[in-house]
Amino acid sequence: MKPTFSVDQLNRPEVIRNPYPYYDLLRDQSPLFGYRDYPPGTMPGVDEPKPSWVVLNFDDVAAVAWDHESFSSRDSLQEESSAPTLMLVNHDRPEHTRLRKIAAKVFQPSSIKALTPAVDALVAACMDDFFVPDRPVDVMADYCAMLPSRVMAFLFGMPADMDRDVRNWATAFMLSADITAEERQSHNREAMAFFERHVREQMDRIDRGEQVPGPLLDAFIRTEVDGDRLSFEEIVRFCMTATVAGAETTSFYLGNLIAVFADFPDIWQKFVDDPALFDAIYKETLRFHGPPQRLFRVATRDITIGDADIRRGDWVACFFGAANYDPEAFPDPYAFQLHRPNASRHMSFGYGIHRCLGAPLAQLEAESTARMLRERYSGIERTGEAVWQDVSLLNHGLARNPVIFRAQE
Ligand code: HEM
């Protein structure tokens, strides 16, 4: 007999630590109603989450994410909360189309590729700061926390010593920091006040014909598509969005990638022997240990999925993490397998019009990290228990990830 487990228990700490066996208990009955949890940017203890549908099958998750007309990304809970709403992530068409056109030009692959030397330099400096060969280290405490924040600080032309601020703003917004609602609000206010001042200063410098530091902010200010540019307000909110959407998920992803190398020595060895395997390792890690577990949508009309009659206005939690472990889509999902024929179909960057815009940047940080680990160390070993965070199901990632990097012989 299957153990009793119901959809309203999905936000329990033991589920957040390892949600996949629990998804298996519910997948056949999905969509199910009655899950309550917090979208990014809302305030546990202040905002009241709406009861929502839970979608767990790969096909249904893909259908909901793809059908942006029936499932809106606008988040009334976040709009009513004191936190700033996110650019693109929380926009529907037609605003989404306009903003995405400009943002897609900012994030075009050639511009991201041009950042490689700068990202490599930040990766090297971060490894110099935090890793000592043959000495145990918790990579979550420093490297994984700080690298994405330093990359963001660099991309926005912020003083380098603000990397810790970026980190704090991101964890507060993405709910992975276990802090009070007042502290969360104070981080949001501080971030918005900083970006308002900083963007204004940089726009004034550009008006005076000066060069400004921070290639991403520079591009947000200057990029024009069909005569259309981002307003001051929009640029500020883009900075906030990239900070919280980019830094936090990438921190967890880097930790998950290092855990794969530490926990599957054969994968590390294959990568050492053939660095061209990175692409396959990167994709399977996104499926196997994908950071975002679920995001919400709101039904814009009555619609039926499977046996569920979803009503206009109902909340729907799209479980990307459960889709990644659907055995119908990915046979033997608990096995880390290189060369799955459908490796690119993992859902960890979402699907449809909202698919992650920053994916090439996340890949650049991950690829540079893996390449430099291979160049600098002879091996990675686990030195203590890997502990998964259990604060929010928004992201699946490690709270503690103790490893040792072995010196080159
Ligand atoms: C491994 C790291 C990352 C993961 C797993 C990830 C995941 C995601 C997911 C699942 C979505 C879809 C949201 C939805 O459907 O509602 C998304 C959207 C987005 N991501 Fe990422 N992300 C990562 C890194 C980044 C980075 C580094 C940036 C920017 C610097 C970024 C910026 C964005 C933006 C702007 C969107 C909204 C796109 C839109 O709605 O059109 N992400 N991301």
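A short reminder: the numbers here are calculations on the coordinates, not readings from a lab. In this text the structure is predicted, and so the values were computed from the model without any measurement. Counting neighbours? That spans all protein chains shown, and the Cβs are built from the backbone with ideal geometry, glycine included.
Just subtract the alpha-carbon distance of ARG164 and ARG301 from 0.36 nm times their residue separation and send over the number in nm, one decimal. Show your work: numbers first, answer last.
Numbers: separation 137, 0.36 × 137 = 49.32 nm, distance 4.31 nm.
Stretched out fully, the ARG164 to ARG301 stretch lengthens by 45.0 nm.
Bridgeable lysines around LYS270 (alpha carbons under 18 Å apart, same-chain partners fewer than 8 residues away excluded): LYS283.
A Förster radius of 60 Å combined with the Cβ-Cβ distance from GLU196 to ASN18 puts the calculated FRET efficiency at roughly 0.90. Computed from the Cβ-Cβ distance with R0 of 56 Å, the FRET efficiency linking VAL46 to GLU409 stands at 0.50. Listed values for region 210-216 are Karplus-derived 3J(HN,Hα) couplings in whole Hz (6.51 cos²θ - 1.76 cosθ + 1.60, θ = phi - 60°), namely 8, 7, 10, x, x, x, 6, and x replaces Gly and Pro.
Report the full-extension gain for the segment MET372 to THR97: residue separation times 0.36 nm, less the Cα-Cα distance, to one decimal in nm. Intermediate results must be reported in sequence, preceding the final value.
Working: separation 275, 0.36 × 275 = 99.00 nm, distance 3.77 nm.
So the chain would gain 95.2 nm between MET372 and THR97.
Counting only aspartates and glutamates at least 8 places from LYS113 when in the same chain, those with an alpha carbon closer than 18 Å to its own are ASP218, ASP279, GLU365, GLU367.
If R0 is taken as 41 Å, the Cβ-Cβ distance between SER344 and ARG208 corresponds to a FRET efficiency of 0.35.
Report, in debye and to the nearest 20, how large the dipole of region 282-409 comes out about its Cα centre when Lys and Arg carry +1 and Asp and Glu carry -1 on their Cβ.
Details: 16 positive and 15 negative charges, 72 e Å.
Computed charge dipole of region 282-409: roughly 340 debye.
Measuring nothing but how far apart in sequence close Cα pairs (under 8 Å, 6+ apart) lie, relative to its length, the chain scores a relative contact order of 26 percent. Note on region 142-207: dipole from Cβ charges, positive end direction compared against HIS187, PRO148, ALA160; the farthest Cα belongs to PRO148. Helix-only arithmetic for the chain: the sum of -39500 (n - 2.57) across DSSP H runs with n ≥ 4, divided by the residue total, places the mean residue ellipticity at 222 nm at -13500 deg cm²/dmol.
Extension gain, ALA125 to ALA359: 0.36 nm times the residue separation minus the Cα-Cα distance gives 82.0 nm.
Ranking SER111, VAL61, PHE288 by how far each Cα lies toward the positive end of the dipole of the chain (charges on Cβ) leaves SER111 at the top. Among ARG376, ARG301, ARG208, the largest mean-square fluctuation in a Gaussian network model of the chain (Cα springs under 10 Å) belongs to ARG208. Electrostatic tally near LEU147: other residues with Cβ closer than 14 Å to its Cβ, Lys and Arg +1, Asp and Glu -1, net -4. A Gaussian network model of the chain, with springs between Cα atoms under 10 Å, assigns the largest mean-square fluctuation among GLY246, GLY350, GLY313 to GLY313.
Rounded to the nearest 20, the Cβ-based charge dipole of region 7-407 about its Cα centre (Lys and Arg +1, Asp and Glu -1) stands at 580 debye. Taking a quarter of the surface of the Cα convex hull of the chain gives a mean projected area of 20.1 nm².
Here the label points at LYS105 and ARG311, each 7 Å from Cα along the C-beta direction, are separated by 4.5 nm in the simple model. Among THR223, THR369, THR304, the residue with the largest mean-square fluctuation in a Gaussian network model of the chain, with springs joining Cα atoms closer than 10 Å, is THR304. Take the alpha-carbon centre of region 158-232, take the same for region 296-360, and report the distance between them in whole Å. About 30 Å separates the Cα centre of region 158-232 from the one of region 296-360.
Using the Cα atoms as the points, what is the convex hull volume per residue of region 10-121 in Å³? Can you show the working numbers first?
Values: hull volume 20.4 nm³, N = 112.
Spelled out: Cα convex hull of region 10-121, divided by residues, is 183 Å³.
Ordering PHE5, ALA219, ALA386 by Cα displacement along the dipole of the chain toward the positive end leaves ALA219 in first place; charges were set at the Cβ atoms of Lys, Arg (+1) and Asp, Glu (-1). Taking only the alpha carbons of region 191-297, we obtain Rg and Dmax values of 19.5, 56 Å in that order.
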